[in-house]
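Q: Sharing a structure, written as structure tokens. Questions coming.
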Amino acid sequence: MRNPWLDIPDSDYVGHMSSPTVQQRPMLSRVMREVLESVRPGTMLVLGCSTGNGLEHVNPEVTSRVTVVDINPEYLLRLSEQFPNPGFQLKVQCADLADVAFEPEAFDLAHAALVFEYIEWLTLLPRVAATLKPNGLLSVVLQLPSTSIPSVTPTAFVRLQSLESLFHFVDPGELVEAAAAQGLRLSDRRTEALPSGKAFEVLRFEKHA
């Protein structure tokens, strides 16, 4: 079956995430900025990067190499257009996270914001753990269930509704347990609430040396 993400234009995705009833795009950009400033990674992997929201916060004096992965080639084209000369080595990889292979012990930071909800994350997690360097960090943003708001907020960008067929909530506690089994220790956890009424769990995991 064709992945619904392939049929959502970048303009629809950005418009939806930026719309007044969603307002997730600025929050996700801020979360990436905070983790970059805290971790100061030499190398970074961004899973489900879409059009590159947050990459403007990468400091090339600190981070020399960034690898971004997304299934939608249109998103990656827009990303490349936005960052033609980023000041760091930018590797753009069009791939399905369900089966992509990563370099072993290659990254100081892996970032996955609103990604695990759309994939079989239990099969992805070991590959992400293996690609982290010793003492590397995994940053994850999860959407929390709401009793009043659907998983994909209705907006004028109706094509986003097709993602409901893929979406499944990830229990943060289950993620913490699965991460521990892969040698990833929970180092930070907090909840981000938006004016829309949606809330998100922001977690960081450190890989054992």
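The values are calculated or read from the model by the stated rules, or taken from the named source; none is laboratory data. Just so you know, these numbers come straight off a predicted model, no measurement behind them. Backbone-built Cβ (ideal geometry, glycine too); neighbour counts: all protein chains shown.
Q: Tally the residues that are without any contact (Cβ under 8 Å) to a residue 60 or more places away in the chain and loosely packed, with under 15 Cβ neighbours inside 10 Å, restricting the search to region 178-209.
A: Of the residues in that region, 10 qualify.
Q: So which helices (runs of 4 or more DSSP H) are wholly in region 1-86 and hold at least 1 residues that are at pLDDT 95 or above, aromatic (Phe, Trp, Tyr) and buried (at least 17 other Cβ atoms within 10 Å of the Cβ)?
A: Numbers: elements: 10-18, 24-39, 73-82.
Fully inside region 1-86 and qualifying: 73-82.
Q: Which residues, counting only those in region 154-177, are assigned to a helix (DSSP H, G or I), closer than 18 Å to ILE71 by Cβ, in contact (Cβ under 8 Å) with a residue 40 or more places away in the chain and not basic (Lys, Arg)?
A: Within region 154-177, LEU160, SER162, LEU163, SER165 qualify.
Q: Return only the number of the condition from (1) part of a strand (DSSP E or B); (2) crowded, with 18+ Cβ neighbours inside 10 Å that PRO134 does not satisfy.
A: (2)
Q: Quick one: in region 137-164, which of the residues that are of a type in the set (A, V, I, L, M) and more than 28 Å from LEU45 (Cα to Cα) is surrounded by the most Cβ atoms within 10 Å (Cβ to Cβ)?
A: In this case the residue turns out to be ILE149.
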